[in-house]
Amino acid sequence: MNVIHRKGWEIAEREATPEHLFLNRRSLLKAGAVLGAGTIAPGLSSIALAAEDPVTPEDVGARYNNFYEFGTSKKVHAAAQALKARPWSIKIDGLVEKPIEIDADALIKLMPLEDRVYRHRCVEAWSMVLPWTGFPLSKLVDYARPLSGAKYLRFETFLDPKMASGQRSFFPWPYVEGLTMAEATNDLALMVTGAYGKPLDNVFGAPIRLHTPWKYGFKSIKSITKISFVEQRPKTFWEESGPGEYGFWANVNPQVPHPRWSQASEEVIGTGGRKPTQLFNGYGEYVAGLYKGLENEKLYI
Ligand code: MTE
């Protein structure tokens, strides 16, 4: 990375943001209630670890997705429109001072929104670069006021097989993911509420999803309805589905192959090309320290 400002991962928006997105700020601000734009201005920043990689065009990024609730194909954009993303309620419970249930838009309004351009690396060896709007997960952790016994966050997606045809299949629904408290409070862990300067399209996991860009994409759970603070490591959807192939940590590492394919390189969606995969998807400087003392864990599966 050539340009290092402030925390090392922040650069001025005009340097990081593709022109169409920069110009789109107006529509983003207009989206007010949905994106919580009232709180955007003071802390507005763009995280540009991906600045050297071109942003994936919207008509590519929103047409090549994984959202198994609506089918196993990459072409789930149309099917995902069945998702009723509003009104949307989110439960925050478990080891917290006071469990609550809050409307997603009410929560978003309370949070400091930022734009961040993130690399996204799927375990299936493809990647994109996505311009998100969202807030640091650490802010939600502060808001939740966890008790000292809380060691992990457990995230859950909605369960509604009537609405989501994919949930009529054999998978262990609902989709569940988890992070340690240290991971959840790392600056890079982002709760995503918008993409391409607009509120999240359903296919990206509206109205609110996670993105942990140093981990394989399956950790970045979509359409979250519940966040529980827990003492035990949660069993995740993919660990239940294929324990030999998908683990809890799932940090990107080109030297640790998936049991069925290499992780050394990735297809860059929309370009027809491939590039070498980077350790922690290029974010090692900011996250490698999270794993000190955990060397006996399967950190890269
Ligand atoms: N979250 C839910 N609820 N359901 C899913 O099927 N797929 C995961 C992750 N989060 C998934 C999910 C996988 S495998 C990937 S690669 C990313 O979402 C895809 O995110 P994208 O469609 O925004 O690229």
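The values are calculated or read from the model by the stated rules, or taken from the named source; none is laboratory data. Model, not experiment: these values are computed from the prediction. Glycine gets a Cβ as well: all are built from the backbone with ideal geometry, and neighbour counts include every protein chain shown. Ligands, DNA and RNA are excluded from the accessible area calculation, which covers all protein heavy atoms including side chains. Shrake-Rupley method; radii C 1.70, N 1.55, O 1.52, S 1.80 Å.
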> Would you pick out the residues in the stretch 260-299 that are closer than 18 Å to THR56 by Cβ, part of a loop (DSSP other than H, G, I, E, B) and open to solvent by 50 Å² or more (accessible area, probe 1.4 Å)?
Replying inline: GLY270, THR271, GLY272, GLN278
> Any residue in the stretch 200-212 that is more than 13 Å from the ligand (Cβ to nearest atom) and not in a loop (DSSP other than H, G, I, E, B)?
Replying inline: no
> How many residues does the stretch 215-237 contain that are open to solvent by less than 40 Å² (accessible area, probe 1.4 Å) and within 14 Å of the ligand (Cβ to nearest atom)?
Replying inline: 14
>> With the requirement that a residue be in a loop (DSSP other than H, G, I, E, B) and within 11 Å of the ligand (Cβ to nearest atom), what does the stretch 51-72 give you?
In response: THR56, ALA62, ARG63, TYR64, ASN65, ASN66, PHE67, GLY71, THR72
>> Let me confirm something: among PRO174, PRO112, which residue is open to solvent by 40 Å² or more (accessible area, probe 1.4 Å) and not charged (D, E, K, R)?
In response: PRO112
> Applying the selection to the stretch 152-177, what residues are more than 10 Å from the ligand (Cβ to nearest atom), within 17 Å of the chain's Cα centre (by Cα) and not hydrophobic (A, V, I, L, M, F, W, C)?
Replying inline: TYR152, ARG154
>> Residue pairs, Cβ under 7 Å, 6 or more apart or interchain, first in the stretch 192-214 and among the hydroxyl-bearing types (Ser, Thr, Tyr), second modelled with pLDDT of 95 or more and within 11 Å of the ligand (Cβ to nearest atom). List them.
In response: THR193/LEU200; THR212/LYS219; THR212/SER220
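So, ASP93, is that one farther than 25 Å from GLU58 by Cα and either touching an Asp or Glu at 6+ places or on another chain (Cβ under 7 Å) or away from the ligand (no atom under 16 Å from the Cβ) (or both) or not? It would help to see each step written out before you state the result.
On the way: farther than 25 Å from GLU58 by Cα: yes; either touching an Asp or Glu at 6+ places or on another chain (Cβ under 7 Å) or away from the ligand (no atom under 16 Å from the Cβ) (or both): yes.
Taking the combined requirement at face value, the residue satisfies it.
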